[in-house]
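Only one structure is covered here, and it is reproduced in the block below.
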Amino acid sequence: MATFDKIIVNGTIVDGTRAPRFRGSLGIKDGVITEITRGELDAGDADEVLDAKGLVVAPGFVDLHTHYDAQIQWDPYATLSGWHGVTSLVLGNCGFGFAPVAPENRDRAMLSMSRVEAIPFESMKAGMLWDWITFPEWLDTLERIPKGVNVLSYVPVGPLMIWVMGLEAAKTRSATEAEVKEMCRLLELSLDAGGCGWSVQRLGDGFMSLQRDYDGTPMVTDCMDDDLCLAFAEVLKKRGSKGHIQITQASDDIRGDMKFVEKLAEVSGCPVLYNAILANEYYPKQHRRLVDWVNQCQDRGNQVWGQLLTTGNDFSFTFEDFNLLDGQDCWREVTLGTIEEKMAKMQLPKNREALRDDYDNGRMPVATGPIQEFMILEVKNPANKKYEGKRIRELEAISGKHPIDTLLDMVVEENLETVIFTPAFNTDPGYNKELLDSEYTVPGVSDGGAHTKFVTLGSYTTDFIADFTRDQENCSLEEAHYRLSALPSRMAGFNDRGIIGEGKPADLVIYDFENLRSTESEIVHDFPANEWRRIRKADGYRWIMVNGEVTFEEGDCTGNTPGRLLRNGNG
């Protein structure tokens, strides 16, 4: 009987601990790394030998910010993440999810997610199993279904609030003492079942509230008061400060936001993962202030961590379904409703006036950057070809009309099928390097499974290695793998994962460092109900392994589903 199921030989091993790379071999048995050597292992001692000559062998990546809660039910590999070397990920971010949800509220829950995270409603209707009601039952479903990645889940507090208070009450009033007690009881049961902590989005009802409900109102978590958040923090404290909190919080009171997030860390005694920090080429003081704040929190003994968006934040979209202008009242007004309703509202004089005023005063949407810099990427009407490749600010010189009128006249004429591109404003190498000056920042924010028709942020792992590390030389390869694997693994409680070590699960990426890259964006119709999405695959990964089994070889899926549900990080 062979000593190993697999051995990997001749590879350059970067183990995720920040230790110097070395040439060596790994032996794997029953999904676990059982031997590491700087020499050679005997090929006769293994059922299978993978020759990694000229390749990097590193721990699989850990993706902490995803919304694959629906998609993983029809896509075991959670692509894009699975294509880009992610072997473990966390569901249930931002307080959004599907448990607990009463059967009669399922459609409403899916409608919420179709707007706030832009997951196609028809795909959810066709592809979700809905064989659970409670959060513990949801975890049972996750454990049962085939998976090509390992999965943890936050307990999203939005469904808890709706379950106990009802949707309208949760948006319009504070919880009663009895309701708070019941929500905390359900939170404890959910954590007992295997949740790794809890998550919340708190964006209020102002210009920062760019991710809204189906009807344009804030999500219930945006409306929750501080006391309820702190009550949930007390639950973690009561449990010995096990688990952590993921929070997306922003308002016009930035100092107040930072103070409150730190208070959550203090009250809970747990790590708090703050989302999100990204380089801002328009306002670099913004990211510098947040990085400094994270450092100061840690110096005071409060475990606030900053999650980084390190890949380009550009969007390609049409007004058929774009939602990330919702923080602007005038844009939210014309982008809610059916296609026919949107087109009608875009032509109303009062709406045009409000949009022109917004434009003329240079109000910059939070997610996209200035409207003036939007570009016409693709038109449907040949008569509009003259606009392709032009920024919105250039339209006036071509048409003689206000840029907003030119844009909306064209969009309406083309039944909202005009493709708009928003250039990234977070790609400056120097600014991005500043994000890693802190020990307490974690790359991520893939938003995997969300905004599927607008963005491909799930490529962030490949981009971090290929662009940030190799091409820009902004950090060492050892540092990159620590930030992409070991650090997020520790943050989320993926026990024993994120590094290469004897006795550790064999979650691995084996790749060609010089030729690693993300492919160009493309559209595929691979969602249920024949819905489409934008994707970017990857070149350069020879093998991606989860628990000792190859899930992708040279970019091709093997069909293996060795992923596990890791209740409280274990499994």
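Using unit Cβ charges (K, R positive; D, E negative) and no other charged atoms, how large, in debye to the nearest 20, is the dipole of the chain about its Cα centre?
Values: 59 positive and 90 negative charges, 162 e Å.
Here the size comes out at about 780 debye.
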Handout entry: For the stretch 509-564 and the stretch 274-345, distance of Cα centres in Å
Key = 27
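Which value, in Å³ per residue, describes the convex hull spanned by the Cα atoms of the stretch 4-54? Display every interim value, and only then the final one.
Numbers: hull volume 3.6 nm³, N = 51.
Output value, Cα hull per residue: 70 Å³.
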Fill in the blank from the handout: Here, R173 and D47, labelled 7 Å along Cα→Cβ, have an inter-label distance in nm of 6.2
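Distances longer than 47 Å among the Cα atoms of the chain: what percent of all pairs is that? Mind dumping the intermediate values first?
Values: 18184 of 162735 pairs.
Percentage above 47 Å: 11.
Fewest Cβ neighbours within 10 Å first, please rank L324, L508 accordingly. Write out the running numbers ahead of the final one.
Working: L324 21, L508 28.
Least to most surrounded, the residues fall as L324, L508.
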Practice task
Would you calculate the separation in nanometres between label points at R356 and T3, each defined as 7 Å from the Cα along the Cα-to-beta-carbon direction?
Solution key: 7.9
Practice task
Evaluate the distance, in nm, between pseudo-label points positioned 7 Å from the Cα of N415 and of D226 along their respective Cα→Cβ axes.
Solution key: 5.2
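Okay, helix-only estimate at 222 nm for the chain: each DSSP H run of n ≥ 4 adds -39500 (n - 2.57), divide by all residues, round to 500 deg cm²/dmol; what do you get? Numbers along the way, then the final one.
Numbers: 19 runs with 172 residues, N = 571.
It comes out at -8500 deg cm²/dmol, rounded to the nearest 500.
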Completion exercise
Sorted by chain and number, the residues with a modelled amide H under 5 Å from that of S199, at a separation of 5 or more or across chains, are G95, V155, V157, Q246
Completion exercise
Sorting G24, T34, L50 by the position of each Cα along the dipole of the stretch 4-54 (Lys, Arg +1; Asp, Glu -1; all at Cβ), the one nearest the positive end of that ordering is G24
Problem - Centre separation in Å (Cα based) which lies between the stretch 39-53 and the stretch 131-147 - result: 38
Problem - Neighbour cut-off at most 10 other Cβ (10 Å), DSSP loop, GluC sites (Glu not before Pro), the stretch 454-548 - result: E473, E520
Exercise for the section: For the stretch 184-333, give the magnitude of the charge dipole about the Cα centre (Cβ charges: +1 Lys/Arg, -1 Asp/Glu; no others), in debye to the nearest 20. Expected result: 860
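Take the residue pairs K147/K181; K345/K386; K285/K453; K285/K385; K29/K433 and return only those whose Cα atoms are more than 29 Å apart.
Values: K147/K181 35 Å; K345/K386 26 Å; K285/K453 31 Å; K285/K385 39 Å; K29/K433 39 Å.
As for pairs spanning more than 29 Å Cα to Cα, those are K147/K181; K285/K453; K285/K385; K29/K433.
Under DSSP H, which helices of the chain have Cα atoms covering 20 Å or more of the helix axis and a Kyte-Doolittle average no less than -0.5?
Values: long enough: 177-193 (24 Å, 0.04); 254-268 (21 Å, -0.05); 284-299 (23 Å, -1.56).
Helix filter hits for the chain: 177-193, 254-268.
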Exercise for the section: Report the normalised scattering of the stretch 495-546 as log10 I(q)/I(0) at q = 0.21, 0.31 Å⁻¹, calculated by the Debye formula with identical scatterers on the alpha carbons. Expected result: -0.84, -1.08
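Would you mind computing Rg(Cα) / (2.2 N^0.38 Å) for the stretch 5-117, counting N as its residues? Working shown, then result.
On the way: Rg = 20.0 Å, N = 113, 2.2 N^0.38 = 13.3 Å.
My calculation over the Cα atoms of the stretch 5-117 gives 1.51.
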Practice task
Output the direction-averaged projected area (hull surface divided by four) of the convex hull of the alpha-carbon atoms of the stretch 62-144, in nm².
Solution key: 5.2
Practice task
Report the convex hull volume per residue for the stretch 328-422, counting only C-alpha atoms, in Å³.
Solution key: 90
Practice task
Go through L308, S446, P403 and say which Cα lies farthest out towards the positive end of the charge dipole of the chain; charges sit on Cβ, +1 for Lys and Arg, -1 for Asp and Glu.
Solution key: L308
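Quick note: the coordinates plus some simple rules give every number you see, no bench work behind them. No experiment lies behind these values; they were computed from the predicted model shown. Methodologically, a virtual Cβ is constructed for each residue, glycine included, from the backbone with ideal geometry; neighbour enumeration extends over all protein chains shown.
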